[in-house]
Amino acid sequence: MFSENSMTRLQFSLSSRERRQRWFWIGLSGIPVVGSLLSAHSGYSSPLLCPIRAMTGIPCPGCGLTRSFTAIAMGDLSRAVDYHLFGPALGLICCYLLLQSLYEIWCNRAVYPVFLRRLCRPGPMLVGAGLVFGYHLIRLQSLAARGELGPAFQASPLGHFLSGGI
């Protein structure tokens with residue numbers, strides 16, 4: 001019924017579920033990559049606002065990533081790091097996921113590099129999340145030390161609501 005060659009090809013072909021997953025990763029990683037490239041070369045700033053910062057006046061752990069990605073697209077690595085320390089690393093991860101997923105769809109087979117399998121284990125993922133949240137706490141401490149955190153919260157919608165201003 002099937003030759004040995006066609007059986008080998010069938011075993012390595014992406015299933016419809018795997019193809020949907022690759023398209024999901026293309027969308028998820030492609031949005032920041034394409035958005036930052038368009039933003040960098042059009043002169044427009046991002047229309048996206050952080051809902052956490054808008055409601056609380058306090059930046060979230062991801063605040064600054066959009067500006068960091070745009071600075072990377074403009075070739076300004078020092079500014080990208082100023083906006084968010086992990087922006088360049090996350091930008092590279094997004095580019096890699098985009099290219100890998102496109103390649104896998106084009107070849108119609110899964111390609112799992114050894115380093116990617118190691119990075120996607122719970123241990124490295126928890127370490128990465130811990131680093132991002134540790135950096136966020138340092139940023140919040142810096143804002144508090146400069147006296148900016150309290151007034152920003154008090155001026156926010158949540159601050160007004162909690163103080164009985166609304």
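The values are calculated or read from the model by the stated rules, or taken from the named source; none is laboratory data. Not measured: the values here are computed from a predicted model. FYI the Cβ positions are ideal-geometry reconstructions off the backbone, even for glycines, and counts take in every protein chain you see. Surface areas here come from the heavy atoms of the whole protein model, side chains and all, with no ligands, DNA or RNA. Shrake-Rupley method; radii C 1.70, N 1.55, O 1.52, S 1.80 Å.
Brief remarks follow.
- One residue stands out among those in region 124-166 that are open to solvent by less than 90 Å² (accessible area, probe 1.4 Å) and among the charged types (D, E, K, R): the one that is nearest to Cys50 (Cα to Cα), which is Arg139.
- Arg79, sole failed condition from (1) open to solvent by 60 Å² or more (accessible area, probe 1.4 Å); (2) under 21 Å from Leu28 (Cα atoms): (2)
- Comparison of Arg121, Arg67, Arg20 shows that the only residue that is open to solvent by 100 Å² or more (accessible area, probe 1.4 Å), at pLDDT below 85 and of a type in the set (D, E, K, R) is Arg121.
- Every test in (1) surrounded by 11 or more Cβ atoms within 10 Å (Cβ to Cβ); (2) part of a helix (DSSP H, G or I) is passed by Leu85 save one, and that test is (2).
- Qualifying residue in region 25-47 (condition: closer than 30 Å to Pro151 by Cα, hydrophobic (A, V, I, L, M, F, W, C), modelled with pLDDT under 90 and surrounded by 15 or more Cβ atoms within 10 Å (Cβ to Cβ)): no
- Check on Met74, open to solvent by 80 Å² or more (accessible area, probe 1.4 Å), within 30 Å of Arg19 (Cβ to Cβ) and touching a helix residue (DSSP H, G or I) at 6+ places or on another chain (Cβ under 8 Å): no
- Within region 88-113, the set of residues being among the polar types (S, T, N, Q) and open to solvent by less than 30 Å² (accessible area, probe 1.4 Å) comprises Gln100, Ser101.
Conditions (1) touching a Ser or Thr at 6+ places or on another chain (Cβ under 6 Å); (2) over 13 Å from Leu14 (Cα atoms); (3) not in a helix (DSSP H, G or I), marked per residue:
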| residue | (1), (2), (3) |
| --- | --- |
| Thr70 | yes, yes, no |
| Ile93 | no, yes, no |
| Leu98 | yes, yes, no |
| Ser101 | no, no, no |
| Tyr112 | no, no, yes |
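- Restricting Ser142, Ser156 to residues that are over 23 Å from Phe24 (Cβ atoms), under 24 Å from the mean Cα position of the chain (by Cα) and at pLDDT 90 or above narrows the list to Ser142.
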